[in-house]
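Some notes on the structure that comes next.
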Amino acid sequence: MSPELTLNLLAALSIGFLGSSHCLVMCGGIASALQLAMPQLNLLQQLKLQFMLSLGRITTYSLLGALTGAFGATVLVKLGISFFWLKLLAGMLLLLMAFYVARLWFALTLFEKLGAVLWRKIQPLAKALLPLDRSSKALAYGLCWGFLPCGLVYSSLGWSLASGSAWQGAMLMLAFGLGTLPAMLAVGSFARQLSQFKNNKWVRTSAAFLLALYALYTIAIALAPRLF
């Protein structure tokens, strides 16, 4: 694994973890509703179904990452769009993520409107799977859930366009999805403690600063061959 890919995966994991406060707002209501839609099962069985939900969601992220990675590496390049522009786009999206994590600018939420049309078509399929009384239904619902409009997901998919291959695009989105896992599986007091930690001003500011530095590094890597 190349150093650049390793850095990208660590960044994607961090973005998923730090951005999952947004996931709790977007998806927390759905997670709570799904909890109620589950039959009267014991805690272990409910946790198993919650895990299958997240497995389905992360699988969708990974598949979409593979598609966008392949699209960037083949179709866009064949159309004459060089990796310079794709890398530059990746850097700009990372910068937007930094602004989002710092809560300075929420431009990423504009992307959510783009996926609303697709989600309206998928949502009835997801509802037909309720109640979630077995693992296969939870997994299928999670696969649908992965299409829920989310600015962080869509911008990460834009980032995977510059990954260079389907495999690397899938790995980026897998890392992003794994980063969101703690917040989506957290319950009770642990969920509140995790949210308080991520919402701490210094934690957000430090994370946004590091992400902005990485964004500028990505932009510099894209520009370097043309400047030197």
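The values are calculated or read from the model by the stated rules, or taken from the named source; none is laboratory data. Everything numeric in this text was worked out from a predicted model, so none of it was measured. Neighbour counts run over all protein chains shown; Cβ positions are idealised from the backbone, glycine included.
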Next on the checklist: Given the criteria more than 30 Å from Leu227 (Cα to Cα), at pLDDT below 85 and under 16 Å from the mean Cα position of the chain (by Cα), does Leu114 qualify?
Outcome noted: yes
Checklist entry - Restricting the first residue to segment 43-64 and requiring it to be without any contact (Cβ under 8 Å) to a residue 24 or more places away in the chain, which pairs with a second residue that is aliphatic (A, V, I, L, M) meet a Cβ separation below 7 Å and a spacing of at least six or different chains? => result Gln46/Met38
Checklist entry - What about Ser136, is it polar (S, T, N, Q) and either at pLDDT below 90 or loosely packed, with under 15 Cβ neighbours inside 10 Å (or both)? => result yes
Item to check | Lone qualifier among Trp85, Trp167 - being part of a helix (DSSP H, G or I), of a type in the set (Phe, Trp, Tyr), farther than 16 Å from Gly177 by Cα and modelled with pLDDT of 85 or more | outcome: Trp85
Checklist entry - Within segment 139-156, which residues are among the small types (Gly, Ala, Ser) and crowded, with 20+ Cβ neighbours inside 10 Å? => result Gly142, Gly146, Gly151, Ser155, Ser156
Next on the checklist: So, in segment 88-136, how many residues would count as being in contact with a Pro (Cβ under 6 Å, 6 or more places away or on another chain), aromatic (Phe, Trp, Tyr) and touching a residue at least 40 places away in the same chain (Cβ under 8 Å)?
Outcome noted: 0
Item to check | Residue check, Leu139 in a helix (DSSP H, G or I), in contact (Cβ under 8 Å) with a residue 12 or more places away in the chain and farther than 13 Å from Ser62 by Cβ | outcome: yes
Next on the checklist: Let me confirm something: among Leu148, Leu152, Leu157, which residue is part of a helix (DSSP H, G or I), under 19 Å from Met184 (Cα atoms) and touching a residue at least 40 places away in the same chain (Cβ under 8 Å)?
Outcome noted: Leu152
